[in-house]
Amino acid sequence: MRRDPAQELHAELALEPPLDSTEQLAFACMSLAERMLSGLTRDRLVCTALRVELTDDIGVRHERVWSHPRHFTAPDVVNRIRWQASAISAPSGAAGAPDGDGRESAGIAHVRLVPVHTDRAAAHEPGLWSTEPDERVHHHLSRAQSRLGHSGVGTQELRGGRLLAERQRFAPWGTEAPRDSPSTAAGPWPGALPGPKPSSVFPQPIPARLSDAAGRPVHVDDEDRLSADPARLGIDGTTLHAPALGWSRPWAIRERWWRGTPARFRLQLQLEDGDAWLLLYSGGEWFAEGHYD
């Protein structure tokens, strides 16, 4: 079971002069990372979540908690320090941001590593039949990430939401998912799309136009019904050649109705050539949310 570590397991390093290069900072912190982890090893512990505190020479502290899908090694810790320093908004990477008085820092002057969560080392030993394939995957992905940066390698995760684009989350490799993500993803989500799901989901819904045989716009009326039978579909300003063949009844997505938020509606539409679309009706306008290949 994961446990909170004792405070004395932290390690810190003062840098004089301050370092304004992320690579110099990472090199200087390798021994610091090894020292922190060796203290955990003596207590037969491993670190699964780590807080990195970078303080510049004018006293501005940049703090972040990093999680690991297994447990931190010294190169893992150094990579997190490098990524965190690179993310600090400054011309030279790790320094240069002005303080409230307009002064600019000369670089990082102090580094502090604090194990936020630890676990028993025995719980992370390989099993009887070994976990070599998983270890190889983790090793290669971690190496690629160390070259490409924190967000250069990741996986897609399923999270909660009613629209398909809302349910997708890119998680950088080695980033722990939020603790409530499994239950959040499971729902229930009234108005969510049942199967089958579109094979293509657009990051942002694409403007669409749905019209009847006379060319008049089709809308959803106050009784949650289509105002007319759809005949033609236009996507992003272009009317598709094939006419509409079949469609579902629109179903409502009602969110925060107690605040007066208007409902949105979904519609599945199939064209005569076999093309099929998932449409979204919001604010009196149609959008294409996904496409069935």
Quick one: which of 61-68, 263-270, 199-206 comes out on top by average Cβ neighbours within 10 Å, and what's the full order, highest first?
263-270, 61-68, 199-206
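So how do ILE81, ILE235 line up by other beta-carbon neighbours within 10 Å, fewest first? Write out the running numbers ahead of the final one.
On the way: ILE81 25, ILE235 18.
Ascending number of Cβ neighbours within 10 Å: ILE235, ILE81.
Which value, in debye to the nearest 20, describes the size of the charge dipole of region 200-292 about its Cα centre when Lys and Arg Cβ atoms bear +1, Asp and Glu Cβ atoms bear -1, and nothing else is charged? Working shown, then result.
On the way: 10 positive and 13 negative charges, 69 e Å.
So the dipole magnitude of region 200-292 works out to roughly 340 debye.
If you take the beta carbon distance between THR261 and VAL201 as r and set R0 to 30 Å, what does 1/(1 + (r/R0)^6) give as a FRET efficiency, to the nearest 0.05? Let's see the in-between values first.
Working: r = 23 Å, r/R0 = 0.77.
Here the calculated transfer efficiency is 0.85.
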Among TYR292, LEU226, PHE265, flag the residue with its Cα farthest along the positive direction of the charge dipole of region 200-292, charges on Cβ as +1 for Lys/Arg and -1 for Asp/Glu.
PHE265
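Readers should treat all values here as calculations from the given coordinates under stated rules, not as data from a laboratory. Worth saying up front: this structure is predicted, and the values here are computed from it rather than measured. FYI the Cβ positions are ideal-geometry reconstructions off the backbone, even for glycines, and counts take in every protein chain you see.
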